[in-house]
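In what follows, a structure is listed as structure tokens, so that the remarks can point back to it.
Just so it is clear, none of the values below were taken in a lab; they were calculated from the coordinates. Computed from a predicted model, the values in this text were never measured in an experiment. Ideal geometry is used to build each Cβ from the backbone, glycine not excepted, and the neighbour counts take in all protein chains shown.
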């Protein structure tokens, strides 16, 4: 069997973490690299990934997350925050990175750069923010899949109040918005959910051939 | 090194596919299973995944995809289509599946079911459609990661005209909307992009610790 499929079957949205187990620095580095390598629209990675380590912040975020215990009990807490009002400056930064990484002159990609700028300039701000938010879902999925390979549990969460997160973490001032949350750690042996059968649509229900 | 990281470094958004190579039925089944196992909000999988095999449809879709050649040249074409106006009926279907899969009575999950229905009923239609669309990005990422393990190339695409896709594939009538496209196959040896260094934000640029 494919490792991917085996790992995907192993994972589940953990609700109760073992508070005595911490993800090692080495594994954390692998998870961050998995996030960093995520695909995104034009490769722009229009978001920041915030590791919340401060216990007081985590306690405040729990109140903004329907009180869910994993916010404070998991080994690590990650907030994927999309860039709001993604601008030409962000595109410039990407192309600076591209030309440096690939050791080419800007002239060689100027046409493409103009195309990308034109694309983002045609989007109204609210549409642009939805677009940047969507990209965080790809990064989240990379985290889920990479963690499962390491037998590390991750709970993806949309069940939180973004505006409160933005206030608590000072994201507005950074031009960011809390899009997704993930708690990372190790399942508690008492978390009964781990023993339940995974519920998924059948292949027949999910797929359509045209 | 983690296999995940190795595979993520191997993949890239392929522009030129080798038209002589087809993804086998066995590998396609693995990719479909990877998509099927994707995480989603409440586990609802609010989308369909469409395999477009009809060559005439693929030709029409190319015109609705900025003319990009991979739409017709790749071995397989997949359209992730989110459910529009996700309704209580969809929630009922999920819970029917859940109770059957886990062999439990509906009474045992009635409170949770009411909670999910209440959640979706509070969302305006446009917000609900954004929410279902976002879930397709997780499924896309599963496809990317599972394919990379099999050394199969996938090009994720937002560069297409959703309304034209909806018309060509008859998605409106099915209560669906084209959210994301992926072309699947094998990179052509002449695709120069495969030799370029991957461009990603540095760890310092992407991550923030609070």
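Worth a mention:
- Gyration tensor verdict on region A:150-210 (Cα atoms; rounded if a/c is under 1.5, prolate if a/b is larger than b/c, oblate otherwise): oblate
- DSSP beta bridges in the protein assembly as shown [antiparallel fraction, %, rounded to 5]: 85
- Residues residue B:104 and residue A:6, FRET efficiency given R0 of 25 Å [Cβ-Cβ distance, rounded to 0.05]: 0.45
- C-alpha long axis of helix A:110-122 to longest principal axis of chain A, angle in °: 70
- Once C-alpha pairs closer than 8 Å and six or more residues apart are averaged by separation and normalised to the residue number of chain A, the relative contact order reads 36 percent.
- Shape of region A:17-69, Cα gyration tensor, a/c cut at 1.5: oblate
- Pseudo-label separations to other copies for residue B:24 - Cα-to-Cβ vector, 7 Å, nm: 3.5
- Helix A:88-102 and the longest principal axis of the C-alpha atoms of chain A enclose an angle of approximately 90°.
- Prolate/oblate/rounded label for chain A (Cα gyration tensor, a/c 1.5): prolate
- Across region A:1-102, Cα-Cα pairs more than 21 Å apart make up 53 percent of the total.
- Counting, for every residue in A:196-206, the Cβ atoms of other protein chains within 10 Å of its Cβ and taking the mean gives 6.
- Copy-to-copy label separations for residue A:3, where each label sits 7 Å from Cα toward Cβ, in nm and ascending: 0.4
- Among A:56, B:88, sorting on how many other beta-carbon atoms sit within 10 Å of each Cβ, with the fewest leading, yields A:56, B:88.
- Fewest neighbouring Cβ atoms within 10 Å first, the residues A:78, B:91 line up as B:91, A:78.
- Order of B:92, B:27 under a 10 Å beta carbon neighbour criterion, fewest first: B:92, B:27
- Calculated [θ] (222 nm, deg cm²/dmol) that DSSP helices of n ≥ 4 give over chain B, each run adding -39,500 (n - 2.57): -14000 deg cm²/dmol
- Placing a label point 7 Å from Cα along the Cα-to-Cβ axis, residue B:56 is separated from the same position in the other copies by 6.9 nm, shortest listed first.
- Approximating the spin labels as points 7 Å out from Cα along Cα→Cβ, the residue B:89-to-residue A:189 distance works out to 4.8 nm.
- Counting Cβ atoms of other protein chains within 10 Å of each residue's Cβ and taking the mean over peptide A:148-157 gives 2.
- Folded to 0 to 90 degrees: helix A:25-36 orientation relative to chain A principal axis, Cα: 40
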